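Data block below; observations after.
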Amino acid sequence: MLMQMEESNNSGVVDFPENFMDQLLREECRGEEEEVSLWSSLGLKERVTCAMGHLQEVMGGEKELLIQLWVPVERGMRRVLSTEEQPYSLNLFSQSQSLALYRDISAGYSFAAEVGSDQLVGLPGRVFLNRMPEWTPDVRFFRSEEYLRIGYAHRCQVR
């Protein structure tokens, strides 16, 4: 499982603690102590959706923010990363629909989830296969072979 955040208004950086996602998936959305049993009954997708909502609040402000989940799925005889039919969070504070369009475009992409695959790797594949996070202040700094959706990122003003 891999989450990717993109924004169209690059107005700052939020520094998260090392185990931030673990804390979110374990603790957020349960609220009061009596809701602990409800939290433990939620499935992974519901927990991730809840964590995304919390991330939106933390990152929030007046930013346009898209959080996508990339999950390994079987496609034919291949294992690929896909965001299609996965939870995502889209927080639009302006009239712009650029991140919504970028979300739709991303759902049509898949990336290698197996070493030695002939499938394109892209950013989600690199992070998944290398088990190492990547961060950039602006995805438009990447070359097209590093970030396969770069043309769409430019058109949709994704940073």
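Quick look at the values:
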quantity: Enumeration of residues in region 124-145 that are of a type outside the set (A, V, I, L, M) and open to solvent by less than 50 Å² (accessible area, probe 1.4 Å); calculated: Pro124, Gly125, Phe128, Thr136, Asp138, Phe142
quantity: Some residue of region 81-88 being modelled with pLDDT under 80, charged (D, E, K, R), open to solvent by less than 90 Å² (accessible area, probe 1.4 Å) and within 28 Å of Asn130 (Cβ to Cβ); calculated: no
quantity: Search result, residues across region 111-123 that are touching a residue at least 24 places away in the same chain (Cβ under 8 Å) and either open to solvent by 40 Å² or more (accessible area, probe 1.4 Å) or touching a helix residue (DSSP H, G or I) at 6+ places or on another chain (Cβ under 9 Å) (or both); calculated: Phe111, Ala112, Ala113, Glu114, Ser117, Gln119, Leu120, Leu123
quantity: Pairs with Cβ under 9 Å, 6+ apart, first in region 76-90 and free of Cβ contacts under 8 Å to residues at least 60 places away in the same chain, second in a strand (DSSP E or B) and open to solvent by 90 Å² or more (accessible area, probe 1.4 Å); calculated: Val80/Glu74; Ser82/Arg75
quantity: Some residue of region 109-129 being charged (D, E, K, R) and closer than 22 Å to Thr49 by Cα; calculated: no
quantity: Any hit, region 110-118, residues being of a type in the set (Ser, Thr, Tyr) and touching a Leu at 6+ places or on another chain (Cβ under 7 Å); calculated: yes
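The values are calculated or read from the model by the stated rules, or taken from the named source; none is laboratory data. Bear in mind the structure is a predicted one, so any value in this text is a computation, not a measurement. Because the Cβ atoms are built from the backbone with ideal geometry, glycine has one as well, and the counts that use them run over all protein chains shown. Side chains are part of the model used for accessible areas, which takes the heavy atoms of the whole protein and leaves out ligands, DNA and RNA. Shrake-Rupley method; radii C 1.70, N 1.55, O 1.52, S 1.80 Å.
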